[in-house]
Ligand SMILES: [Zn+2]
């Protein structure tokens, strides 16, 4: 089955094309240009360069978050538009579930951490070392203490990855102590091939989302809703 | 793709319009730039009400939830499928960036998937094209007054895509002051329709509010912050006296002041350029008093006054599809790196 994967939830704009057996093509940009301008041209090039007729595409995999709210919507609106235009289903995967695949071989905790701004991180914990990452702590938007606390509940070495490392490395390192590990810089960013990998798994386990019923995984209320709830508590 | 020969043979050029610049998610199918075959608008009003105004993040979230079903509905109501379309037109600005991005991303993906040409429409220009949906024959050059919640401009329209701004507001937009005064009077949001209604039972002469930039200075520009401040001060003083607010009279006097400025500047532009047609566009074009007074004032100037039906005054995608049809005929196609342009102006389309 031929799937196209998109990811625009972080600073990386990435697209990939492949089937269960083979990654056919992947293009990624990690530059500070708007995803809105880069995503479609990348996708057009990807499909053309892979020599694939777009009518042969059988489904779309897209990250639904967590990440930049605007980035989530650019990716999802594009994925849903492709789905509507090509008449193929969409499968949504979380950014953290996809990123965990980068640490699948690590025999211990795999900890994808995304910078959520406002001194918060998006994170989830997985156990690696098997054929697929196994979730051990669900995704959350929280302060760094919560992440450190979650890591300290487990005893294995902890492998950190994701764009949250840039800002929070020192704290994570001191919290995890001798258990701290990290993936080299070039291997720890979001890539659409990881989304493809997770996409195939979700497709197999749960099937694609019913038409347009794909929900964004914002993990956080909008500012206005948060303030409204606080005021009316 | 646009096909003149096909059109003459009776084939209609069908454009799907997509509009998500603010808080309404809209899609429409329009034939030959004038026949509205469907016009679907999903209003978000109830989502923003408890916040007392439009919250951009909530608007963006809602657009993403409904855009695809809204497009499907527009096609179904028109009785067509994607295979019948000749092009896709989408609003790329001005507006709220997060809202615009949902429409632009969806439109690009559809255009690519379906091999359909994509055109990017300036939302304000779209408002002008709402007048093409009236059945009237529009002939350039003409003058158009666009008055909405975000914009107030007088334009000299010389042809498709050839615009000259004659005057614009220097501060608040006309629709914006209607909303602010309505809020101060506790009338809710949006303010235009309520004020229009209450004003009909009021006497405008009871209060005198300033008319903006009526002198030669400023020429055809507008300014509404003066009248806004005067009305807000009057509301405060009336409240201090502890008596019930003379709502109807306040609304009538306020509306008179805004309409006066709009009508007077429009008349000056018509006297100066002597066009044969004058178009009204934008949400404020729905105001009954503005329509009545414009007719009255412009009648002796031998200019035909045209305004869109109410449903095409407020934001909709039919006007975007109509504009898109003419863009397509001119070959003005949008590339796949099209971005949302929240600050898009009228003179750099
Ligand atoms: Zn508008």
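The values are calculated or read from the model by the stated rules, or taken from the named source; none is laboratory data. Just so we're clear, the structure is a prediction, and the values are computed from it rather than from any experiment. Ideal geometry is used to build each Cβ from the backbone, glycine not excepted, and the neighbour counts take in all protein chains shown.
Residues in region B:129-138 that are more than 11 Å from the ligand (Cβ to nearest atom) and in contact with a strand residue (DSSP E or B) (Cβ under 8 Å, 6 or more places away or on another chain): B:131, B:133, B:134, B:136, B:138.
Candidates are the residues of region B:73-100 that are touching a helix residue (DSSP H, G or I) at 6+ places or on another chain (Cβ under 9 Å) and more than 25 Å from residue B:329 (Cα to Cα); the one that is surrounded by the most Cβ atoms within 10 Å (Cβ to Cβ) is B:99.
Output the residues belonging to region A:81-93 that are more than 16 Å from residue A:58 (Cβ to Cβ) and either facing chain B (nearest Cβ under 8 Å) or not in a strand (DSSP E or B) (or both). Within region A:81-93, just A:81 meets the criteria. Look at residue B:324 and say whether it is assigned by TED's automatic domain parsing to the domain that holds residue B:116, within 30 Å of residue A:33 (Cα to Cα) and within 16 Å of the ligand (Cβ to nearest atom). For residue B:324, the condition - assigned by TED's automatic domain parsing to the domain that holds residue B:116, within 30 Å of residue A:33 (Cα to Cα) and within 16 Å of the ligand (Cβ to nearest atom) - is met. Quick test of your reading of the structure: residue B:315 fulfils all but one of (1) more than 16 Å from the ligand (Cβ to nearest atom); (2) at negative phi. Name the failing condition by number. Just one mismatch for residue B:315, condition (1).
Restricting B:79, B:98 to those that are more than 11 Å from every other protein chain (Cβ to nearest Cβ), free of Cβ contacts under 8 Å to residues at least 60 places away in the same chain and farther than 19 Å from residue B:323 by Cα reduces the list to B:79. Of all residue pairs spaced 6 or more apart or on separate chains, those with beta-carbon atoms under 7 Å, a first member in region B:21-36 that is within 14 Å of chain A (Cβ to nearest Cβ) and a second member that is within 16 Å of the ligand (Cβ to nearest atom) and part of a strand (DSSP E or B) are B:25/B:42; B:27/B:17; B:27/B:18.
Among all residues of region B:154-172, there is at least one that is within 16 Å of the ligand (Cβ to nearest atom), more than 14 Å from every other protein chain (Cβ to nearest Cβ) and farther than 24 Å from residue B:326 by Cβ.
Examine region B:272-287 for a residue that is more than 16 Å from the ligand (Cβ to nearest atom), surrounded by fewer than 24 Cβ atoms within 10 Å (Cβ to Cβ), in contact (Cβ under 8 Å) with a residue 12 or more places away in the chain and part of a helix (DSSP H, G or I), and state whether such a residue exists. Checking region B:272-287: at least one residue is more than 16 Å from the ligand (Cβ to nearest atom), surrounded by fewer than 24 Cβ atoms within 10 Å (Cβ to Cβ), in contact (Cβ under 8 Å) with a residue 12 or more places away in the chain and part of a helix (DSSP H, G or I). Just one of (1) farther than 27 Å from residue B:86 by Cβ; (2) more than 16 Å from the ligand (Cβ to nearest atom); (3) in a loop (DSSP other than H, G, I, E, B) fails for residue B:339. It is (1). Quick check, is residue A:220 touching a strand residue (DSSP E or B) at 6+ places or on another chain (Cβ under 6 Å), within 30 Å of residue B:64 (Cα to Cα) and within 14 Å of chain B (Cβ to nearest Cβ)? Yes: the conditions hold for residue A:220.
Whether a residue is farther than 30 Å from residue B:325 by Cα and either outside the structural domain of residue B:267 (by TED's automatic domain parsing) or away from the ligand (no atom under 15 Å from the Cβ) (or both) was assessed, and residue B:179 does not pass this test.
For the subset of region A:57-80 comprising residues that are more than 9 Å from chain B (Cβ to nearest Cβ) and within 18 Å of residue B:103 (Cβ to Cβ), which member is nearest to the chain's Cα centre (by Cα)? Ranking the candidates gives A:62 first. Considering only residues of region A:180-213 that are within 14 Å of chain B (Cβ to nearest Cβ) and under 20 Å from residue A:1 (Cα atoms), which is modelled with the lowest pLDDT? Restricting to residues being within 14 Å of chain B (Cβ to nearest Cβ) and under 20 Å from residue A:1 (Cα atoms), the top hit is A:211.
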